[in-house]
Amino acid sequence: MIGRLRRSSRVARRARPRLSPWFGVAAVLLAALLFVYVAIAITVWRDALDRLAHPPERVADAALVLGNRAYLRGKPNPCLTGRVDAALALAAAGRAQRLVFSGGVDREDGRIEAEVMRAHALQSGYAGPMLLEPASQSTRENLALSTAVLQAAGVKSLIVVTEPYHLWRAQRLAHAGGFDRAFDVQYAAAPTTCWLRWGMAFKGALREPLAIINNAAHGYLR
């Protein structure tokens, strides 16, 4: 009886499937990626809090508002209109002499982000000068395609306006692309309802570390 039990135990041990060595490699890579993601998220979060605590101090020729998804559930996206509201506040305080809206066709609903932002500004009672850049499809393109629009208008200094989590990457894209050498640039964190409600826990902020990794992999960040 004891001999049969021993033989059964040996058979059971032999029958256990062995994990592929690639499983261990994959686990290590996954853990490393998770560590990098969390480290970037913490860096972005700290930078966002610092931006909110230190708004722009100098008067600028323009406020450049970076685009986002235009509509959400049939209404203007509050994550986008909140950025416009922050630019309107700068204009009302005399910090920005004009507003510039940058954003092309929203792939999700076909609307042009820059036009949606202009409409929101008009509905909010803004009557000052506005410029549109209606073709960009990314943050990098927001900056690159806005350059000619700004220079044609004689803009020398500006405030880049976007949500707090977005500014860390926006500033580094501006530096890598030479945008901050073409203009005197300040940055303003827009406390949108999306940010105030969720902080780093809503969709756009959760995707930001991945966008940073993607931009870095393509050599867009510096």
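Would you pick out the residues in region 132-169 that are among the small types (G, A, S) and in contact (Cβ under 8 Å) with a residue 60 or more places away in the chain? Passing the criteria: S136, S146, A153, G154, S157. Residues that are more than 19 Å from P191 (Cα to Cα), in contact with a helix residue (DSSP H, G or I) (Cβ under 9 Å, 6 or more places away or on another chain) and not polar (S, T, N, Q) within region 76-112 comprise R98, G103, G104, V105, D106, listed in sequence order.
So in region 110-131, with the set limited to residues that are of a type outside the set (A, V, I, L, M), part of a loop (DSSP other than H, G, I, E, B) and free of Cβ contacts under 8 Å to residues at least 40 places away in the same chain, which one is farthest from K156 (Cα to Cα)?
Among them, the one singled out is G110.
The number of residues in region 134-156 that are buried (at least 21 other Cβ atoms within 10 Å of the Cβ) and more than 22 Å from G204 (Cα to Cα) comes to 3. The sole residue among V11, V28 that is within 22 Å of N214 (Cα to Cα), at pLDDT below 80 and surrounded by fewer than 13 Cβ atoms within 10 Å (Cβ to Cβ) is V28.
Counting the residues of region 54-109 that are in a loop (DSSP other than H, G, I, E, B), among the small types (G, A, S) and touching a residue at least 12 places away in the same chain (Cβ under 8 Å) gives 5.
Output the number of residues of region 24-52 satisfying the condition of being of a type outside the set (D, E, K, R) and under 18 Å from R169 (Cα atoms).
The qualifying residues number 13.
Once region 147-201 is narrowed to residues that are among the hydrophobic types (A, V, I, L, M, F, W, C), in a strand (DSSP E or B) and under 15 Å from C79 (Cα atoms), the residue that is farthest from the chain's Cα centre (by Cα) is A188.
Take region 132-146 and flag every residue that is hydroxyl-bearing (S, T, Y) and part of a loop (DSSP other than H, G, I, E, B). Within region 132-146, S136, S138 qualify. Note on region 64-83: residues that are aliphatic (A, V, I, L, M), buried (at least 19 other Cβ atoms within 10 Å of the Cβ) and touching a Pro at 6+ places or on another chain (Cβ under 9 Å) total 1.
The values are calculated or read from the model by the stated rules, or taken from the named source; none is laboratory data. Since the structure is predicted, the reported quantities are computational estimates derived from the model, not experimental observations. Backbone-built Cβ (ideal geometry, glycine too); neighbour counts: all protein chains shown.
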